[in-house]
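Worksheet: the structure to be examined is printed underneath.
The values are calculated or read from the model by the stated rules, or taken from the named source; none is laboratory data. Everything numeric here is computed off the predicted structure, so don't read it as measured data. Cβ coordinates were reconstructed from backbone atoms using ideal geometry, including for glycine residues, and neighbour counts include every protein chain displayed. Only protein heavy atoms, including side chains, enter the accessible area calculation; ligands, DNA and RNA are left aside. Shrake-Rupley method; radii C 1.70, N 1.55, O 1.52, S 1.80 Å.
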Amino acid sequence: MFKLIGVFGLIIPLYFSAKAQFNYSVNQSIPVEVNGKTLSIPWAGGLNAAQVNTMDLNGDGKQDLVVFDRTANKVNTYLNVGSKYQYAPSYESFFPTEINQWLLLRDFNCDGKKDIFTSDPFGIIVFVNTTKPGQPISWRPFNPGFPLLTIGFNGSINLKVNESDMPAIDDVDGDGDLDILAFRFVGVGTVEWHKNMSIENSGRCDSLQLKRVTQTWGAFQDCECGLISFSGGKTCDELLAGGRVQHNAGKSLLTLDTNNDGARELFFTEEDCTNLYLLSNTDTATNAQMSSFTLFPSTAPLILPFYPSPYLEDVDFDGLADLIVSPNLNSRSSLITDFQKSLYFFKNSGSAQVPQFTFLKSNFLQDNMIEVGDFSVPAFFDVDGDGDQDLLVSNYIRAGQSSRIYHFENTGTIQSPSFKLINEDFFSISTLNEYNLKIQFADMNGDGFRDLVLSSTKKGTEVTSLTFIANSSADKFAVKDSSLKSANFSMNKMDNWLIIDVDQDGINDILMGNDNGKIEYWKNQGSNGTNSFILTNSNFIDLGNTNNTQNISLAAGDLNSDGAIDLMVGNQNGTMQLVSNFRSPDKKVNSINLNNEITQSTYNRNFGARPWPVVVNIFNTTKPAVVIGNSMGGLQVITNEEAKPLPLQAEITIYPNPNSLASNRPTIIKTDRNVFAQFYNLLGQKVSGSLFIIANQEYPINVSNLPSGIYIAQFTYTESIVSKRFIITH
C-alpha cells in the first residue's frame, strides 16, 4: 500500500507557453436558498454600518440605492429594477476614492442630480455631479484641493466636522437652498447652523455660500445619552448633578418636518448611545427652539448597542421617504454588536407632509444576501460526498454568542452550482465559546484526508490558536474522533493564515499574513502527521508596508492553468493582488483587474475591507473562480474572463512514467478537474484508499513501498471513469 505525502508535494518543473491572464468579472449567477426563500442578491457582499442614499445611477429616471458601509469604507450600489434592488457593482467604480467615513448625496445646486458630501481631515469635501445624459456617472471637485468653507465670526474658515460625526445637510430654514447643521468641532455640545446664503446673495440655489449664523441652533445642549438641556430648563451641570459633560463621542443629526408646520425637528444620537432621540421644534424654521425629546419610536424605542444613525430615503418605491437606521460604527466595538441585522427599516405609513414611521424589519437588504455578520471566511468541501463542492462560511461572532460555521449544501451540479443553507452551526462549533473564527480544509495529520482547520480566539483568555477536526474520508466529511486537536501553533488575533506546502517536502506549512503587512513563512519541521512550526522567513513575499497592505489574507491555486500555484492576496483596503507562481524566485505581483461591464474597461475593485479569498473551481471550467469573504459578512464571486467549460474528457497526466525509485522522486498526478482516484495492481487488487485530487495542482504519491510493476490508476468524475497505467521500477 502506498501513501500520500501531502496535498502539495515535490513538483517537477513544468514549462508552459501560455501567458498569465488575471482579468475577472463579478459573477452573481449562483442561486442561493435560505429558509425556503431564494435570495435576490445573494452575492452582494454583506453590510454592517450602512449609510443609505438614493440617486439615479443609470439615467433611467428611477431612484437607485447607494449605500456607504463605514466599516469597510466602501460604496455599494443597487439598481432599481422592476421595483426591486439588483446589486450592480460596476457603478461603484464611478465614485471618487476620496469618499471617507461618511457619504451624503444631496442636490445642492438644484440641477436635479445629487452631489457628494463626505468627510475630509480638514472638514467636508464636496463633489459636483457632472453626469451627462447617456454617459456614466461623473464628478468634479467643488473646490479642488480645499475643504468646504464657511464664513465664521472673523472671516472664512473650514467647516469643521469630526470624522465620526454625521452632519445634517438640508434646507433648514425653508428658503430653497441647502444648509448644514453640525455639532461644534470642540465645545459644549451645541449645534452650529451654517446657513447657505445663495438665495439671499443671488436669488439662485446653485452654490454653497455658507455662513455660520449661530453655534446654538435649536437652543439645546447635549449633556450625555438621554440627558439634554433645553432653554429655560436645567443646565447640563444640574442634570448631571456635578458630573462631567461628555463630548468625545461621535454625533449624528437628521432634520425633518414631522408635523407640516415648516419647522424642522431633529433626530439625534451619539456614538455611546443605544437610543435614537427625536427633538421637537416648537418655534419656526429660522428660529429653531427645541423644547423636549422622545425616544424613537415612542411606542417601542429602538435599542442598538451603539450609535443608531438615521437616514431618510424612499427605499420601497412608493414615493414617500422612509427611515433607515444603522449603527454608524467604523469597526466592531463590542461582541454584542449585531452586524447580521443592522439595517432597521421603518416604512413611512403616513404622508409626505406628516410622516408616520412603522417598523418592518431589522435586516433591510441583508435578508436577500448571504450575511453572516462580519469577517466572513468561505471554504469549500464536498461535505456529503455527492461529487460537488459545498460552501461553508465562518464568521467573527454571532451577536452576544459565539462564532459559528454556516453550511450551504450544493444542490446543483459541478457546472451549475446552487446553494441551500441547511445548518447555521456546522459541527456545533459555537459550543467552543470562541470568536474570531477562520476556517480552511487541509490535511493536518498526514493521512491524506483534508481536515477542518480553524483558528479562533478564546473568550476571557483572549488566546488565539490553530486547531483541527480530523476527517477520516477522502470523498466526504466523516469524523471518527470529534475532539478538537491542537496544531501546536498560536498567533495574534488579527493574523490570517494559509495551510500550504511551501517548500514541497510533502508536509503542510503555514503562510501567515499579519497586521503589519508582512507575509511570514512558518516551516513545519514535524514528520508527516505531526506539526512543529518554526518561523523561517518573516518577510517571505515583500508587498511593501503601507496602511493599505495591512491585515493580509491569502489563498492558493493555479489561477491561470499554467501548472504553477499562485497566491491571491487580500489587503486592508479591500483590494486584492496576485502573486503568480509564488514559489518561483522570479515570482511577480499582479493586480486583480475587474471588468466594468458599463465602460468595458478594467479597474481595481474594493471588495470590502480585509477580503478573504478562496480559490475553487465551482463552474468546472479551465480556470477556477475566486469566492471572497470580507469585513461586511457577505460573499462575492469573481470568474476569470478567459475560463471556458472543461471538455467532456478529463485531461489527466501521471509523471514521471515510468518512475524509477532510484530517483527518489514521487509519482505526480495532475488533472484538469476535481477527481476521485483509486489504484490497483494488474490482479485487480486495491493498493490505495480512495483519494480526492484537486484540479490543477500537482498531487504527489509516495510509491517507495510498492514492488516493481504495472499499476492502474482509476479516476472518477461526474459518473465518468478514466483509467491510466503507470509503471514503477527499482
**Message:** Quick check for me: using +1 on Lys/Arg Cβ and -1 on Asp/Glu Cβ, what's the dipole size of the range 132-248 about its Cα centre, in debye to the nearest 20?
**Reply:** 380
**Complete:** Which residues qualify? For Phe477, with a placed amide H closer than 5 Å and at least 5 residues away or on another chain, they are Asp384, Gly385
**Asked** Which one of Ala249, Asn560, Thr716 has its Cα pushed farthest toward the positive end of the charge dipole of the chain, where Lys and Arg give +1 and Asp and Glu give -1 at the Cβ?
**Response** Thr716
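Filter Lys518/Lys588; Lys160/Lys347; Lys523/Lys686; Lys587/Lys644; Lys37/Lys341 down to the pairs with a C-alpha to C-alpha distance above 24 Å, please.
Lys160/Lys347; Lys523/Lys686; Lys587/Lys644
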**Item:** Vicinal HN-Hα couplings computed from phi for the range 322-333 (Karplus, 6.51 cos²θ - 1.76 cosθ + 1.60; Hz; Gly/Pro x)
**Value:** 9, 10, 10, 10, 8, x, 8, 9, 8, 6, 5, 9
**Complete:** Of all stretches in the chain that avoid GluC sites (Glu not before Pro) placed in a DSSP loop and having at most 10 other Cβ atoms within 10 Å, the longest is 1-461
**Request:** Return the carbon/sulfur percentage of the accessible area of the range 225-294, one whole number, probe 1.4 Å, all protein chains in place.
**Result:** 42
**Asked** Expressed as a whole number of Å, what is the distance separating the alpha-carbon centroids of the range 515-589 and the range 604-675?
**Response** 17
**Complete:** Under the helix-only model (-39500 (n - 2.57) for each DSSP H run of 4 or more, divided by the residues of the chain), the mean residue ellipticity at 222 nm, to 500 deg cm²/dmol, is 0 deg cm²/dmol
**Complete:** Within the range 635-730, the percent of DSSP beta bridges that are antiparallel, given to the nearest 5, stands at 95
**Request:** Towards the positive end of the charge dipole of the range 131-195, with charges on Cβ (+1 Lys, Arg; -1 Asp, Glu), say which of Gly155, Leu178, Pro133 has the farthest Cα.
**Result:** Pro133
**Message:** I'd like the accessible area for Ile199, computed on protein heavy atoms only with a 1.4 Å probe and all protein chains in place. Round to 10 Å², please.
**Reply:** 50
**Item:** Given charges at beta-carbon only (K, R positive; D, E negative), |dipole| of the chain in Debye
**Value:** 1880
**Request:** May I ask you to rank Ser403, Ser138 by accessible area, largest first, using a 1.4 Å probe over the protein chains only?
**Result:** Ser138, Ser403
**Prompt:** Which of these values of volume of the Cα convex hull per residue in Å³ was calculated from the structure shown: [x] 180; [y] 171; [z] 211?
**Reply:** [y]
**Solvent-accessible ranking of Trp139, Trp217, largest area first, probe 1.4 Å** = Trp139, Trp217
**Prompt:** When the Karplus curve 6.51 cos²θ - 1.76 cosθ + 1.60 is applied with θ = phi - 60°, which whole-Hz ³J(HN,Hα) does each residue of the range 703-717 get, with x for Gly and Pro?
**Reply:** 10, 5, 9, 8, x, 4, x, 9, 10, 10, 9, 10, 10, 10, 7
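I need to check one value: relative contact order of the range 20-98, counting alpha carbon pairs closer than 8 Å and at least 6 residues apart, in percent.
Values: 99 pairs, mean separation 15.1, N = 79.
Rounded, it is 19 percent for the range 20-98.
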**Message:** Quick check: from the Cα gyration tensor, does the range 392-471 come out rounded (a/c under 1.5), prolate or oblate?
**Reply:** oblate
**Fill in**
The distance between the Cα centres of the range 377-414 and the range 680-730, in whole Å, is 30
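Which value, in Å², gives the accessible area per residue of the chain when a 1.4 Å probe is used on the protein heavy atoms?
On the way: 28190 Å² over 730 residues.
Normalised by residue count, the accessible surface of the chain is 39 Å².
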**Request:** Count the DSSP beta bridges whose two residues both fall in the chain, then state the antiparallel fraction as a percent rounded to the nearest 5.
**Result:** 95
**Item:** Antiparallel content of DSSP bridges confined to the range 432-520, in %, to 5
**Value:** 100
**Complete:** If the chain between Thr716 and Thr216 were fully extended at 0.36 nm per residue, the gain over the current Cα-Cα distance would be 172.4 nm
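Give the ranking of Arg605, Arg244 by solvent-accessible surface, highest area first, calculated with a 1.4 Å probe. Kindly include the intermediate steps, with their values, before the conclusion.
On the way: Arg605 5, Arg244 195 Å².
Largest accessible area first, the list is Arg244, Arg605.
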**Complete:** Diffing the range 499-515: the Karplus 3J(HN,Hα) column from phi (6.51, -1.76, 1.60, θ = phi - 60°), in whole Hz with x for Gly and Pro, holds 7, 6, 7, 6, 9, 6, 9, x, 10, 5, 9, 10, 9, 10, x, 10, 6
